[in-house]
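Q: Take this structure, written in structure tokens, and hold onto it; I'll ask about it next.
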Amino acid sequence: MRFIADLHIHSKYSRATSSEMSIESIWKWAQLKGIKVIGTGDFTHPNWLHELKDKLEPLDNNLFKLKDNLQCNSIPLSCRSDVYFILTAEISSIYAKKGKTRKIHNILITPDFNTVKKINTFLSRIGNLSVDGRPILGLDAKQLLKIVLDLSPDSMVIPAHAWTPHFSIFGSESGFDSLEECFEELSHHIYSLETGLSSDPPMNWRLSKLDRITLLSNSDAHSPSKIGREANIFDTDISYDFITNAIKTKKGFIGTIEFFPEEGKYHFDGHRACGVSLSPKETIKNNYICPVCGRKVTIGVMHRVEKLADRPYDYKLEAAPSYFSLIPLPEIIAEIMKVGVNTKTVETEYLKILSNLGNEFKVLMESSLSDIEKAGLNSLSEAILRVRTGKIHITPGFDGEYGKIRIFEEDERENVSEQRMLF
């Protein structure tokens, strides 16, 4: 069965996360987006774990569903579908290794609450799990992997947002230059990594050492509407074993749904405080110094990939899983209507389109342009065609600042409107 999975999100107990990230809300938005399997996030947090146990019903496939009495009927009929939860968490490891402070985030995936209990009991001896849904522990990433495997060989550890500068395995500020440098003799137990919003599969194909690795993409959502902004496509039975085996072997792993990487917060180098954005070549030309304040710039993902790559920028990995670069539908609507993406106007139009056409991924990836045209919003079909073909305009993100993405330049928007009026 072909389905979409988002394996990395956060609960309302994580820092800087919306209070609306409840289990019921996650369940609802997974259907609006078109996600069949969704990570629980934050199973290490005692309060969230209590809610998971109270509101989720375990299934015989080591996944979970929201209890029937908690399910609402406020979702458009065209979007309603079964949603399965998989137990996940993210650990922030901050520690010293080889004379440098390392800050590495890893995703944990586990099959059942008994395993969660074992992991939480062990980790609670190292740090306070109740402070944050994503706990910060003074624990070597390699030791975290060893602990998880010793407690549950069926569990997985996956490096999160692998290229972001400050908290990732390859991050320019506190990461490593290879999986082996981080996980040493246990590296063969790392089957996958999460590419993050600021990189995509072609950027990762440039490193031959990652050829064996399954490249996952997840939303890392901190609010319900961000669920599925990146996701994974599987073609397997829906069960814990089939999903994790597909990640380990790539059999049944079809590919990923991606941000355009330039839209990510750390694609280019730069210094946000000074409004300075630099390509890798410009950074090198400036000796890694901000031309405004004279301080060191933050080295972004594109630069970091360039430094570690052993292949050219246009290298195509043979038989690699597919990937699809999309812009979230609310952002497309907001641009067409010239309003903020979080406005009631966008929400109303968004739900109208879903009611007519189906879930968001169906609209963005599958619906015919003629059906989209009939949905009613002026220029929507043209906008989605441009997204599908990559004919868009992006100012790259840098140093924590999201990239600015536009589908239409102002004169293009006017021309499209005039053409529609003629027809």
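The values are calculated or read from the model by the stated rules, or taken from the named source; none is laboratory data. The structure displayed is predicted, hence computed values, not measured ones. Don't worry about glycine lacking a Cβ; one is built from the backbone with ideal geometry, like all the others, and counts go over all protein chains shown.
Q: Restricting attention to the range 1-35, and to residues there that are surrounded by fewer than 20 Cβ atoms within 10 Å (Cβ to Cβ) and closer than 24 Å to Ser192 by Cβ, which single residue is modelled with the lowest pLDDT?
A: Met1
Rundown of residues vs (1) farther than 25 Å from Arg2 by Cβ; (2) surrounded by fewer than 17 Cβ atoms within 10 Å (Cβ to Cβ), yes/no style:
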{"position": "Leu357", "(1), (2)": "no, no"}
{"position": "Glu366", "(1), (2)": "no, yes"}
{"position": "Leu369", "(1), (2)": "no, yes"}
{"position": "Ile372", "(1), (2)": "no, no"}
{"position": "Asn378", "(1), (2)": "yes, yes"}
{"position": "Ser381", "(1), (2)": "no, no"}
{"position": "Ile384", "(1), (2)": "no, no"}
{"position": "Thr389", "(1), (2)": "no, yes"}
{"position": "Asp399", "(1), (2)": "yes, no"}
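Q: Moving on. Test of understanding: among Lys307, Lys316, which residue is loosely packed, with under 14 Cβ neighbours inside 10 Å and part of a helix (DSSP H, G or I)? Before the answer, list the steps.
A: Values: Lys316 fails: part of a helix (DSSP H, G or I).
Step by step, each of Lys307, Lys316 is checked, and only Lys307 is loosely packed, with under 14 Cβ neighbours inside 10 Å and part of a helix (DSSP H, G or I).
Q: Just the residues that are of a type in the set (Lys, Arg) and surrounded by 15 or more Cβ atoms within 10 Å (Cβ to Cβ), please, taken from the range 98-124.
A: Once the filter is applied, which keeps residues that are of a type in the set (Lys, Arg) and surrounded by 15 or more Cβ atoms within 10 Å (Cβ to Cβ), the range 98-124 yields Arg102, Lys103, Lys118.
Q: Give me the pairs: first residue in the range 119-133 and part of a loop (DSSP other than H, G, I, E, B), second residue crowded, with 18+ Cβ neighbours inside 10 Å and of a type in the set (D, E, K, R), beta-carbon distance under 6 Å, and six or more apart or on different chains, which are they?
A: Gly133/Asp42
Q: What strands (runs of 3 or more DSSP E), lying completely within the range 228-290, carry at least 2 residues that are within 19 Å of Lys307 (Cβ to Cβ)?
A: Here the list reads 269-271, 276-278.
Q: Still on this model: Hey, among the residues in the range 114-162 that are touching a strand residue (DSSP E or B) at 6+ places or on another chain (Cβ under 9 Å) and β-branched (Val, Ile, Thr), which one's nearest to Lys100 (Cα to Cα)?
A: Once the filter is applied, the top-ranked residue is Ile136.
Yes/no matrix, rows are residues, columns are (1) more than 21 Å from Phe260 (Cα to Cα); (2) touching a residue at least 12 places away in the same chain (Cβ under 8 Å); (3) out of contact with any helix residue (DSSP H, G or I) (no Cβ under 7 Å at 6 or more places or on another chain); (4) crowded, with 20+ Cβ neighbours inside 10 Å:
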position: Glu185; (1), (2), (3), (4): yes, no, yes, no
position: Ser192; (1), (2), (3), (4): no, yes, no, yes
position: Thr195; (1), (2), (3), (4): no, yes, no, yes
position: Met203; (1), (2), (3), (4): no, yes, no, yes
position: Ser208; (1), (2), (3), (4): yes, yes, yes, no
position: Ser225; (1), (2), (3), (4): no, yes, no, yes
position: Ile233; (1), (2), (3), (4): no, yes, yes, yes
position: Thr236; (1), (2), (3), (4): yes, yes, no, no
position: Tyr240; (1), (2), (3), (4): yes, yes, yes, yes
